[in-house]
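One structure below.
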Amino acid sequence: MVATQSSMLKLGTKASSFKLFDTNSGRTVNFSPSTIGKGFLFAFICNHCPFVIHLKKHFPGVFNNWLDLGLKVYAISSNDPIGYPADSPERMLEETKEFNFNFPYLFDKTQNVAQAFKATCTPDFFLFNEHQKLVYRGQYDSSRPGGQIEVSGKDLINAVNRMIAGEKPSENQLPSLGCNIKWKK
């Protein structure tokens, strides 16, 4: 396990368009400038990373609740499934069922989407407002596997609440920490 931090993409950056296979629904999901929502959350995760596993009992419920507020949520796995079979689309589908994902869990087969977002680790969170401009990138909270801090989602929840309230993004954003994305060789 190589601990890697978020790249901290510049706030205000426009979201990148994509078409990816959703392991949850079995359909292709298209995200483009015409996609409408009160905001857009992109969570780069995977099945096997201890940092993601640490959060997995908490974030699906939070993300599912945000869907009811009009926020679009997309979980994305960009890991190479050849080197990491636990991150295959078939195993991703198992995760959606086990952890009750009501949002897409997308497979970034070419890894182009991770590169476009400058995602570097799992988990890596990117929150865009209704105009698809980046308002938050960084950690879910300060908890870590084996640490003393309980999972709360405090940092990301605060960012979503600020965005929904129309407030300016906080300048104090901490990078996420997790396993590096498993790039194809």
Looking across region 83-117 at residues that are of a type in the set (D, E, K, R) and closer than 17 Å to Lys184 by Cβ, the single one that is surrounded by the fewest Cβ atoms within 10 Å (Cβ to Cβ) is Lys109
Note down all Cβ pairs under 6 Å where the first residue falls in region 163-180 and is over 20 Å from Trp66 (Cα atoms) and surrounded by fewer than 18 Cβ atoms within 10 Å (Cβ to Cβ), the second is modelled with pLDDT under 95 and aromatic (Phe, Trp, Tyr), and they're at least six residues apart or on different chains. none
Search result, residues across region 145-185 that are among the acidic types (Asp, Glu) and either modelled with pLDDT under 95 or farther than 18 Å from Met8 by Cβ (or both): Glu150, Glu167, Glu171
Residues of region 55-77 satisfying the condition of being over 21 Å from Glu90 (Cα atoms), out of contact with any strand residue (DSSP E or B) (no Cβ under 7 Å at 6 or more places or on another chain) and of a type outside the set (A, V, I, L, M, F, W, C): His58, Gly61, Asn64, Asn65, Asp68, Gly70
Strands (runs of 3 or more DSSP E) wholly inside region 113-185 containing at least 3 residues that are in contact with a helix residue (DSSP H, G or I) (Cβ under 6 Å, 6 or more places away or on another chain): 124-129
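If a residue must be more than 16 Å from the chain's Cα centre (by Cα) and surrounded by fewer than 16 Cβ atoms within 10 Å (Cβ to Cβ), how many such residues does region 31-60 contain?
Filtering region 31-60 for residues more than 16 Å from the chain's Cα centre (by Cα) gives 32-38.
Okay, now just the ones that are also surrounded by fewer than 16 Cβ atoms within 10 Å (Cβ to Cβ), so 32-36, 38.
Looking only at that region, the number is 6.
The values are calculated or read from the model by the stated rules, or taken from the named source; none is laboratory data. The model shown is predicted, which means the values in this text are computed figures rather than measured ones. We place every Cβ from the backbone using ideal geometry, glycine too, and count neighbours over all the protein chains shown.
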